[in-house]
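Data first, discussion second: the structure below is written as structure tokens.
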Amino acid sequence: MLEGKVILIVGGASGIGRATAELCVRRGARVIVADYNATAGAAAAAACGAEFVQVNVADENSVQQMAAQVDAKFGRLDGLVQTAGVLKGPFIDIEKFELDMFREVLEINLVGSFLCAKHSAPLMRRAGGGVIVLISSAAAYAGSSSYAYGSSKGGVSGLGITLANKLAPENIRVNVVAPGNIETPMKRSVIDADVALNGPQAGQAQLSLGTPEGVARILAWLVSDDADYVRGLITTR
């Protein structure tokens, strides 16, 4: 299904990204795990038989170097899955939400997605086509989470739709996946903070959490040829 394809998983050190990297390797892809956390990223890559590249998605030079390393190692790129993101300030009121925090989240989640797509698309174009998958969130349309996170993920959805339209003539397919409540380190930290702030009853949200592996099955399918007819936004639990 993915035999021989070169797939770049950004944010692959943990959570949905790591589960996707592991599954893509099992399905025959040559996988590059990219992450800001060099220790966790290298360990994740080694554990599943992937390559590792360190990247800061909010820094264009770093993203450009990541793409150059992929090009030097494989000479092509067939799929990008951009899962890197942060969530800050879920319980901060609007009047107390610092502008610097808002900008930081947008820089990583939205600008980072833009930069990863910007520097991956030329490699795909040269290979005759490819697939870009960006990760939005249920927070983008449910109004949950923090002001910054919800705004950034709404922007990712808009970015993905625009990319899909602009890149379609070049045989580059783009999808945006918006997961709901998934058992990831980021989600767990929010639940723990909610419990500390509001008591044990706030932890009920964890009872409905989905698994990273469930989302990974969708992402691995989207970067395969079997999903050739799929475009646009996909929501999951």
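Based on Cα contacts under 8 Å between residues 6+ apart, the chain shows a relative contact order of 20 percent. Around Leu159, with a cut-off of 14 angstrom between Cβ atoms, what is the net charge of the other residues, counting Lys and Arg +1 and Asp and Glu -1? Every neighbour counted, the sum reads +2. In the chain, which longest range has no chymotrypsin sites (Phe, Trp or Tyr not before Pro) that are both DSSP loop (not H, G, I, E or B) and surrounded by at most 16 other Cβ atoms within 10 Å? Looking at the chain, 98-228 is the longest stretch - no exposed chymotrypsin sites (Phe, Trp or Tyr not before Pro) with at most 16 other Cβ atoms within 10 Å.
Computed from backbone phi with θ = phi - 60° and the Karplus coefficients 6.51, -1.76 and 1.60, the 3J(HN,Hα) list for the stretch 69-82 is 5, 4, 5, 5, 7, 10, x, 6, 8, 9, x, 10, 10, 9 Hz; x is used for glycine and proline. In the chain, helices alone account for a calculated mean residue ellipticity at 222 nm of -14500 deg cm²/dmol, with every DSSP H run of four or more residues adding -39,500 (n - 2.57). Taking GluC sites (Glu not before Pro) in DSSP loop states with no more than 13 other Cβ atoms inside 10 Å as exposed sites, the chain has its longest site-free stretch at 99-237. Around the amide H of Ala34, modelled in the peptide plane, lie the amide H atoms of Ile9, Val10, Gly11, Gly12, Val53, all under 5 Å away and 5 or more residues distant in sequence or on another chain. For Ala47 and Phe74, FRET efficiency with R0 = 25 Å and r from the beta-carbon atoms, rounded to 0.05? After rounding to 0.05, the efficiency reads 0.80. Computed with the Debye formula from one identical point scatterer per Cα of the stretch 1-74, without solvent, the log10 of I(q)/I(0) at q = 0.17, 0.23 Å⁻¹ comes to -0.54, -0.95. For Ala178, the residues whose amide H sits under 5 Å from its own are Ser136, Ile234, Thr235, Thr236, ignoring neighbours fewer than 5 places away on the same chain, with H placed 1.01 Å from N.
Taking the longest Cα principal axis of the chain as reference, the axis of helix 112-126 is set at about 10 degrees.
Determine, from the Cβ-Cβ distance of Glu3 and Lys118 and an R0 of 35 Å, the FRET efficiency 1/(1 + (r/R0)^6), rounded to the nearest 0.05. Let's see the in-between values first.
Numbers: r = 28 Å, r/R0 = 0.80.
Given R0 = 35 Å and the Cβ-Cβ separation, E is 0.80.
For the chain, the alpha-carbon coordinates run over 52, 33, 33 Å along the three principal axes, in decreasing order.
Read-outs: derived from the displayed coordinates by stated rules, not from any lab. Small disclaimer: the values here were computed from a predicted structure and weren't measured. Don't worry about glycine lacking a Cβ; one is built from the backbone with ideal geometry, like all the others, and counts go over all protein chains shown.
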